[in-house]
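The values are calculated or read from the model by the stated rules, or taken from the named source; none is laboratory data. Keep in mind it's a predicted model, so treat the numbers as computed, not measured. So basically every Cβ, Gly included, is an ideal-geometry build from the backbone, and we count neighbours across all protein chains shown.
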Amino acid sequence: MMTTFNKAIVDFVQDTYQTKDFIPLHAPTFIGNEMDYLKQTIDSTFVSSVGEYVNQFESQIEQFTQSRKAVATVNGTSALHIALLMAGVKPHDLVLTQSMTFVATCNVIHHMGAEPLFIDVSRKSLGLCPTAAAEYLTAHTFINAQGHCQHKTSNQIIRAMVPMHTFGHPAELDELASVCKHWNITLVEDAAESLGSYYKGRHTGTIGKFSALSFNGNKIITTGGGGMLLCASETDGIRAKHITTTAKIAHPYEFEHDEAGFNYRMPNLNAALGCAQMEVLPLFLRKKRELAEHYQAFFKQSEFEFIAEPEYAKSNYWLNAIICPDEASRKSLLSYTNEQGVMTRPVWRLMHKQKMFSYAKQGVLTNSEWLEGRLVNLPSMPLLSGT
Ligand SMILES: *Cc1c(COP(=O)(O)O)cnc(C)c1O
């Protein structure tokens with residue numbers, strides 16, 4: 001019974017992609033002006049830290065997301081690093097985040113000298129659960145004389161909260177923002193996976209004070225490697241640009257820097273690729289939605305639950321995911337599909353189980369553990385034949 005349905009899934013995916021060859025989970029798609037813009041960049045010799053494509057790419061992202069200010073960076077991780085720095089995270093601080101996330105979210109907390117504090121995800125959104133966060137904060141913290149949220153036993157300050165929009169599905173942002181407001185915590189969105197996803201009509205990454213997008217090769221659009229820091233205020237955006245570009249004071253030939261900055265600026269060559277990819281993003285989004293609907297219809301009559309966008313959101317359906325009826329069927333599905341050349345993947349090993357974060361404080365993680373045992377990602381490249 002189990003194995004027959006595994007075969008039905010493989011047949012369905014092969015049929016969908018019209019191939020018996022290896023089908024990856026996600027791969028970049030270049031069907032627009034990528035070659036033209038790259039050639040122009042190379043011909044101009046401005047391939048590196050100076051060039052117009054970076055500015056153009058930033059404006060395209062600002063327009064698309066309606067973000068106040070976008071700052072292009074070398075990758076999503078560096079954008080998230082600067083987001084935490086700008087949020088005022090200090091050594092020994094605590095940063096609330098989900099255990100069910102990609103490791104980069106926690107690495108940047110560590111690089112700030114701070115510690116992650118793991119909160120459960122909601123079953124509906126797969127993102128940080130506002131109820132779980134409020135419960136943890138009520139039980140374990142208080143607002144101190146300076147107005148900061150302080151941990152009762154360790155006295156650490158809870159400075160920021162970083163929800164992640166898992167697989168492109170927007171987290172419950174209004175509720176999370178209200179928890180943050182109540183406890184005086186800065187909201188930073190890890191929107192690395194959610195370009196093109198909307199929360200109640202607003203683009204993800206524009207609700208928090210800061211947020212990060214990623215354009216890594218496996219994301220919905222790619223610049224090879226790249227990221228973008230979104231800032232809710234113009235002033236913060238200007239400062240973010242300054243510190244990601246070595247904090248140099250503008251001058252025709254003098255090298256004066258007013259603080260220890262970062263060399264996180266996206267090279268012009270990568271931005272050229274980004275400009276071309278932004279032109280096809282609306283098409284990718286339409287096609288990914290069609291693919292998700294196709295999967296959803298297929299799994300409707302099965303024991304597997306397709307993860308649909310939460311009712312308040314419009315998701316980019318970056319990675320399609322299903323929940324298997326139990327851990328045994330998940331294991332059997334993963335091994336069968338990968339043997340057959342249809343790539344599927346479990347969710348990331350939970351962060352509190354990774355050895356470098358096993359020390360971290362945590363709330364009750366029931367949903368995270370439950371999902372870890374059952375979730376499988378399916379091939380999610382947009383289907384572009386016939387367009
Ligand atoms: C991809 C990703 C990142 C990091 O992006 P890079 O561009 O690879 O540095 C961060 N967080 C999440 C959740 C991601 O999926």
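Okay, here's what the table says:
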{"item": "Candidate set: region 144-155, residues that are over 21 Å from Thr97 (Cβ atoms) and of a type in the set (S, T, N, Q); chosen: the one surrounded by the fewest Cβ atoms within 10 Å (Cβ to Cβ)", "result": "Gln146"}
{"item": "Test: residue in region 273-288 that is assigned to a loop (DSSP other than H, G, I, E, B), surrounded by fewer than 21 Cβ atoms within 10 Å (Cβ to Cβ) and modelled with pLDDT of 95 or more", "result": "no"}
{"item": "Test for Ile23: is it touching a Gly at 6+ places or on another chain (Cβ under 8 Å), of a type in the set (Val, Ile, Thr) and either more than 16 Å from the ligand (Cβ to nearest atom) or modelled with pLDDT under 95 (or both)", "result": "yes"}
{"item": "Qualifying residues in region 64-100 (those that are more than 14 Å from the ligand (Cβ to nearest atom), in a loop (DSSP other than H, G, I, E, B) and closer than 20 Å to Gln156 by Cα) - the one nearest to the chain's Cα centre (by Cα)", "result": "Ala87"}
{"item": "Qualifying position, being within 16 Å of the ligand (Cβ to nearest atom) and surrounded by fewer than 17 Cβ atoms within 10 Å (Cβ to Cβ), among Asn263, Asn270, Asn216", "result": "Asn263"}
{"item": "Residues of region 101-133 classified as part of a helix (DSSP H, G or I) and more than 22 Å from Lys181 (Cα to Cα), total", "result": "7"}
{"item": "Scope region 166-197; condition within 16 Å of the ligand (Cβ to nearest atom) and small (Gly, Ala, Ser); matching residues", "result": "Gly168, Ala171, Ala191, Ala192, Ser194, Gly196, Ser197"}
{"item": "Subset of region 219-253 [more than 14 Å from the ligand (Cβ to nearest atom), charged (D, E, K, R) and within 30 Å of Met35 (Cβ to Cβ)]", "result": "Lys241"}
{"item": "Among residues of region 101-142, those that are aliphatic (A, V, I, L, M), under 20 Å from the mean Cα position of the chain (by Cα) and closer than 19 Å to Tyr199 by Cβ, counted", "result": "5"}
{"item": "Residue among Glu34, Glu58 that alone is in contact with a strand residue (DSSP E or B) (Cβ under 8 Å, 6 or more places away or on another chain) and either within 16 Å of the ligand (Cβ to nearest atom) or not aliphatic (A, V, I, L, M) (or both)", "result": "Glu58"}
{"item": "Residue among Gly261, Gly274 that alone is assigned by TED's automatic domain parsing to the domain that holds Lys39 and under 18 Å from Ser194 (Cβ atoms)", "result": "Gly274"}
{"item": "Test: residue in region 320-334 that is in contact (Cβ under 8 Å) with a residue 60 or more places away in the chain, closer than 25 Å to Pro130 by Cα and either touching a helix residue (DSSP H, G or I) at 6+ places or on another chain (Cβ under 7 Å) or not assigned by TED's automatic domain parsing to the domain that holds His92 (or both)", "result": "yes"}
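For every residue, the table says whether it meets (1) buried (at least 18 other Cβ atoms within 10 Å of the Cβ); (2) at pLDDT 95 or above; (3) under 16 Å from Leu187 (Cβ atoms).
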| residue | (1), (2), (3) |
| --- | --- |
| Gly88 | no, yes, yes |
| Asp93 | yes, yes, yes |
| Leu96 | yes, yes, yes |
| Phe102 | yes, yes, no |
| His110 | no, yes, no |
| Pro116 | yes, yes, yes |
| Cys129 | yes, yes, yes |
| Phe142 | no, yes, no |
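Each row is one residue, and each column tells you yes or no for (1) within 21 Å of Ser214 (Cα to Cα); (2) assigned to a loop (DSSP other than H, G, I, E, B); (3) in contact with a Cys (Cβ under 6 Å, 6 or more places away or on another chain).
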position: Glu311; (1), (2), (3): no, yes, no
position: Trp318; (1), (2), (3): yes, yes, no
position: Ile322; (1), (2), (3): no, no, no
position: Pro325; (1), (2), (3): no, yes, no
position: Ser329; (1), (2), (3): no, no, no
position: Tyr336; (1), (2), (3): no, no, no
position: Arg349; (1), (2), (3): yes, yes, no
